[in-house]
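The values are calculated or read from the model by the stated rules, or taken from the named source; none is laboratory data. These numbers come from a predicted model, not from an experiment. Here the Cβ positions follow ideal geometry from the backbone for every residue, glycine too, while neighbour counts run over all protein chains shown. Ligands, DNA and RNA are excluded from the accessible area calculation, which covers all protein heavy atoms including side chains. Shrake-Rupley method; radii C 1.70, N 1.55, O 1.52, S 1.80 Å.
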Amino acid sequence: ASALTIDPIKTGFAEYETQINAVQTILANTKSKGTDINDVNKALDELNTYADKTIYNFTEMTRNIGTFTAAGVDLDKSVTSIKGIANLAAVSGSTSQQASTAMYQLSQALAAGKVQLMDWNSVVNAGMGGEVFQNALKRTAKNMGTDVDALIKKYGSFRESLTRGEWLTADVLTETLTQLSGAYTEADLLAKGYTKSQAKEILELADTAESAATDVKTFTQLWDTLKESAQSGWTQTWEILVGDFEEAKSLLSSVSKVSGTMIGDSANA
């Protein structure tokens, strides 16, 4: 009873503060691209809705979206990439903690412009570097004009081709993660140059991944999903009470100024 009634008030407040801090980071990283507070709030609301439907945690996603935008990825692409990683984690059988680790490591790779063997090892250690992800990455790279099979043959393995072939670029990675997030329709994929059979494969993989993320299969997942829903509700309540980033900044700065002056005068006296 406590976990679904009292605890979410506290965890919802912590999630609200995490969101406020993330807004500041995201705004700082994307302001040059024309992003404003409404865009950021909309993006975080989309992630929160996704988190409520899945076994994954909004706080972890929010924390990592800041690292994606810091790596130079635009806001929309960051949101779909985070959702893509979560879907990939679900279809790979990885936990939310493993997904969070992969999100952070891939954001570092994006900042460098390409995925190196060290980055890939982290993805493998998170249980997400299997054939499903490898094939999806290779299909995207081929569509972008890189003969991946020739590079793998030349260097002896998928792993070696990453370091020596340097074909897994930031664009290949974010495009593949966007596909896994289910953001594209068949028409979108055909317009990008994929064949009808490839488009069907991509859409089926996205559906399978999203089902894996949203279908509750154990009591532990059921419990986590219920707690996340209750927590998210309180996060929205705290936002109504205290305000979004701009409103909270205005309110709390005023309170701090008045209170600080009173305490300072008391200390001086």
*Residues of segment 229-249 being open to solvent by less than 70 Å² (accessible area, probe 1.4 Å) and touching a Gly at 6+ places or on another chain (Cβ under 8 Å), which ones?*
230, 231, 232, 233, 235, 237, 238
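Sort through 190, 226 and tell me the only one that's open to solvent by 70 Å² or more (accessible area, probe 1.4 Å) and more than 23 Å from residue 144 (Cα to Cα). Give the derivation first.
Values: 190 fails: more than 23 Å from residue 144 (Cα to Cα).
On inspection, the qualifying residue turns out to be 226.
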*If you take the residues of segment 1-51 that are open to solvent by 30 Å² or more (accessible area, probe 1.4 Å) and not in a helix (DSSP H, G or I), which of them is farthest from residue 234 (Cα to Cα)?*
34
*Report yes if residue 261 is open to solvent by 40 Å² or more (accessible area, probe 1.4 Å), over 23 Å from the mean Cα position of the chain (by Cα), at pLDDT below 85 and more than 30 Å from residue 141 (Cα to Cα), otherwise no.*
no
*Just give me the residues in segment 162-180 being without any contact (Cβ under 8 Å) to a residue 40 or more places away in the chain and open to solvent by 20 Å² or more (accessible area, probe 1.4 Å), in sequence order.*
164, 165, 171
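Take residue 158 and decide whether it is farther than 30 Å from residue 119 by Cα and not charged (D, E, K, R).
Values: farther than 30 Å from residue 119 by Cα: no; not charged (D, E, K, R): yes.
So residue 158 fails the test.
Do any helices (runs of 4 or more DSSP H) entirely within segment 66-185 hold 2 or more residues that are at pLDDT below 90 and charged (D, E, K, R), and if so, which?
Numbers: elements: 75-92, 96-112, 117-125, 131-143, 148-155, 170-180.
Correct list: 75-92.
Can you pull out every residue in segment 130-161 that is of a type in the set (Gly, Ala, Ser) and crowded, with 20+ Cβ neighbours inside 10 Å?
Applying the first criterion (of a type in the set (Gly, Ala, Ser)) to segment 130-161 yields 130, 136, 141, 145, 150, 156-157, 161.
Answer for segment 130-161, where residues must be of a type in the set (Gly, Ala, Ser) and crowded, with 20+ Cβ neighbours inside 10 Å: 136, 141, 161.
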*Among the residues of segment 114-123, which ones are more than 19 Å from residue 72 (Cα to Cα) and either open to solvent by 10 Å² or more (accessible area, probe 1.4 Å) or of a type outside the set (A, V, I, L, M) (or both)?*
117, 118, 120, 121, 122
*Can you find even one residue in segment 74-85 that is in contact with a Gly (Cβ under 8 Å, 6 or more places away or on another chain) and not charged (D, E, K, R)?*
no
*Residue under evaluation residue 140, criteria (1) among the β-branched types (Val, Ile, Thr); (2) touching a strand residue (DSSP E or B) at 6+ places or on another chain (Cβ under 9 Å); (3) within 17 Å of residue 77 (Cα to Cα); (4) without any contact (Cβ under 8 Å) to a residue 40 or more places away in the chain, criterion not met*: (2)
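Considering 183, 111, 126, which residue is open to solvent by 10 Å² or more (accessible area, probe 1.4 Å), closer than 26 Å to residue 49 by Cα and either under 24 Å from the mean Cα position of the chain (by Cα) or in contact (Cβ under 8 Å) with a residue 12 or more places away in the chain (or both)?
Numbers: 111 fails: closer than 26 Å to residue 49 by Cα; 126 fails: open to solvent by 10 Å² or more (accessible area, probe 1.4 Å).
Selected residue: 183, the only one of 183, 111, 126 that is open to solvent by 10 Å² or more (accessible area, probe 1.4 Å), closer than 26 Å to residue 49 by Cα and either under 24 Å from the mean Cα position of the chain (by Cα) or in contact (Cβ under 8 Å) with a residue 12 or more places away in the chain (or both).
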*asked:* Being touching a residue at least 40 places away in the same chain (Cβ under 8 Å), touching a helix residue (DSSP H, G or I) at 6+ places or on another chain (Cβ under 9 Å) and either basic (Lys, Arg) or closer than 27 Å to residue 211 by Cα (or both) is true for just one of 43, 86. Which residue is that?
replied: 86
